[in-house]
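Student: For reference, the structure I am asking about is given below.
The values are calculated or read from the model by the stated rules, or taken from the named source; none is laboratory data. All of these numbers come straight from a predicted model, not from anything done at the bench. Counting neighbours? That spans all protein chains shown, and the Cβs are built from the backbone with ideal geometry, glycine included. We work out accessible area using only protein heavy atoms, side chains counted, and drop any ligands, DNA or RNA first. Shrake-Rupley method; radii C 1.70, N 1.55, O 1.52, S 1.80 Å.
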Amino acid sequence: MRCHAVVPAAGAGKRFGAGIPKQYLLLAGRSIQQHTLDRLSAMPELASVAVAVAPDDELATGLAYAQPERLRFVAGGRERMDSVLAGIEALRAAGAVDDDWVLVHDVARPLLRPADVRLLLTTLDGQAVGGLLASPVRDTMKRGDASGLVLDTVPREQLWHALTPQVFRLGLLRDALLQARAAGVLVTDEAAAIERMGLRPLLVAGAADNIKITFPDDLALAEALLQAQLRAGVTT
Ligand SMILES: Nc1ccn([C@@H]2O[C@H](COP(=O)(O)OP(=O)(O)OP(=O)(O)O)[C@@H](O)[C@H]2O)c(=O)n1
Ligand SMILES: C[C@](O)(CO)[C@H](O)COP(=O)(O)O
């Protein structure tokens, strides 16, 4: 299966509130962005890597990456789905075709295990629709109202945390995202756009340490998880 990667990396990190986009914060001495892009570009299973950065981003191309020749930086968009579409268009302009697979992975998830990428790609090879890494919900889930009072308890059986990568055929994903955008629907992951078409992506259980750095306390957690990954030898 010929597979390319798109890395949405154009976010502002508002929930983190660092004053700079969170992907440029340091994790064990290197930026979150460098960790994520180095892990993806080291994977021969990925034919190319398109990175969608903010149009006014002046940091991305000045950083030292392990394999910079594998990275193609393009201007992202106002929403995550716009950035993913921009990455897809860049892949198409470089020769990718509708039947190729595209793997979409958040730059804010630097602890992605290469073994999980291989598991996802192997599991999906031969699948019709595509799918995503996910992690089963462990806690009891509550829905709260605006004042923080419990509205109800959400049955957690068959509930998953959607992670990334999410992998679909390039043409199908492009159509799905364009249709969602045309309908004014803001999807927060690629699978939701595919689901809008009446299709059912496959959930593939991945490591729970594939966290998305979103809030300040996620950075210390990521530091600890990275050290555990290094000790376990699961970063390559
Ligand atoms: N217009 C956007 C918005 C988000 N992203 C990317 O989508 C991923 C997941 O988004 P999120 O964690 O929400 O990142 P931010 O949008 O930066 O965070 P916030 O919502 O707190 O501003 C991130 O890698 C982010 O860089 C993107 O490429 N383009
Ligand atoms: C794609 C994603 O990481 C799956 O959980 C998530 O939807 C991104 O959401 P965000 O609001 O853009 O961080």
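Student: Considering only residues that are open to solvent by 20 Å² or more (accessible area, probe 1.4 Å) and outside any helix (DSSP H, G or I), look in region 93-108 and name the one that is nearest to ligand 1 (Cβ to nearest atom).
Tutor: So the residue we want is ALA94.
Student: Here are some residues: ALA115, ALA90, ALA176. Which one is hydrophobic (A, V, I, L, M, F, W, C), in a helix (DSSP H, G or I) and more than 30 Å from ARG30 (Cα to Cα)?
Tutor: None of the others qualify; the one that does is ALA176.
Student: If you don't mind, another one. Which residue pairs have Cβ atoms closer than 8 Å, lie 6 or more positions apart in sequence or on different chains, and pair a first residue in region 45-57 that is over 13 Å from TRP101 (Cβ atoms) with a second residue that is among the charged types (D, E, K, R)?
Tutor: Here the result reads VAL49/ARG70; VAL49/ARG72; ALA50/ARG72; VAL51/ARG72, each pair linking region 45-57 to a residue that is among the charged types (D, E, K, R).
Student: Further question on the same structure: Look through ALA180, ALA208, ALA191 and report the one residue that is in contact with a strand residue (DSSP E or B) (Cβ under 7 Å, 6 or more places away or on another chain), closer than 15 Å to VAL104 by Cβ and either away from ligand 1 (no atom under 16 Å from the Cβ) or modelled with pLDDT of 95 or more (or both).
Tutor: The conditions single out ALA191.
Student: I'd like to check something: does region 155-166 contain any residue that is open to solvent by 60 Å² or more (accessible area, probe 1.4 Å), within 30 Å of ALA93 (Cβ to Cβ) and assigned to a loop (DSSP other than H, G, I, E, B)?
Tutor: no
Student: Residues to consider are LEU225, LEU230; find the one that is assigned to a helix (DSSP H, G or I), among the aliphatic types (A, V, I, L, M) and open to solvent by 80 Å² or more (accessible area, probe 1.4 Å).
Tutor: Unique residue meeting the criteria: LEU230.
Student: Take LEU37 and tell me if it is surrounded by 14 or more Cβ atoms within 10 Å (Cβ to Cβ) and either in contact with a helix residue (DSSP H, G or I) (Cβ under 9 Å, 6 or more places away or on another chain) or basic (Lys, Arg) (or both).
Tutor: So LEU37 fits the description; yes.
Student: Give me the pairs: first residue in region 203-216 and open to solvent by 10 Å² or more (accessible area, probe 1.4 Å), second residue in a loop (DSSP other than H, G, I, E, B) and more than 12 Å from ligand 2 (Cβ to nearest atom), beta-carbon distance under 6 Å, and six or more apart or on different chains, which are they?
Tutor: Qualifying pairs under 6 Å: ALA207/ARG113; ASP209/LEU111.
Student: What about LEU133, is it assigned to a loop (DSSP other than H, G, I, E, B), open to solvent by less than 10 Å² (accessible area, probe 1.4 Å) and modelled with pLDDT of 95 or more?
Tutor: no
Student: Here are some conditions: (1) farther than 18 Å from TYR24 by Cα; (2) within 16 Å of ligand 2 (Cβ to nearest atom). ARG109 meets all but one. Which one does it not meet?
Tutor: ARG109 satisfies all of (1) farther than 18 Å from TYR24 by Cα; (2) within 16 Å of ligand 2 (Cβ to nearest atom) except (1).
Student: Then there is this: Can you pull out every residue in region 21-34 that is without any contact (Cβ under 8 Å) to a residue 40 or more places away in the chain and either open to solvent by 50 Å² or more (accessible area, probe 1.4 Å) or away from ligand 2 (no atom under 16 Å from the Cβ) (or both)? So that I can check it myself, show each step before the final result.
Tutor: Initial filter on region 21-34 (without any contact (Cβ under 8 Å) to a residue 40 or more places away in the chain): 21, 24, 26, 29-31, 34.
If the condition is that a residue be without any contact (Cβ under 8 Å) to a residue 40 or more places away in the chain and either open to solvent by 50 Å² or more (accessible area, probe 1.4 Å) or away from ligand 2 (no atom under 16 Å from the Cβ) (or both), then TYR24, LEU26, GLY29, ARG30, SER31, GLN34 are the ones that fit.
Student: Counting only residues that are within 16 Å of ligand 2 (Cβ to nearest atom), in contact (Cβ under 8 Å) with a residue 24 or more places away in the chain and more than 16 Å from the chain's Cα centre (by Cα), how many does region 1-20 have?
Tutor: 4
Listed here are the residues, each with its yes/no results for (1) over 15 Å from PRO21 (Cα atoms); (2) free of Cβ contacts under 8 Å to residues at least 24 places away in the same chain; (3) more than 19 Å from the chain's Cα centre (by Cα); (4) away from ligand 2 (no atom under 16 Å from the Cβ).
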| residue | (1), (2), (3), (4) |
| --- | --- |
| LEU40 | yes, no, no, no |
| TYR65 | yes, no, no, yes |
| ARG70 | yes, no, no, yes |
| PHE73 | yes, yes, no, yes |
| GLY77 | no, no, no, no |
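Student: Continuing with the same structure: Which condition breaks for VAL53 when tested against (1) within 16 Å of ligand 2 (Cβ to nearest atom); (2) open to solvent by 30 Å² or more (accessible area, probe 1.4 Å); (3) β-branched (Val, Ile, Thr)?
Tutor: Condition not satisfied by VAL53: (2).
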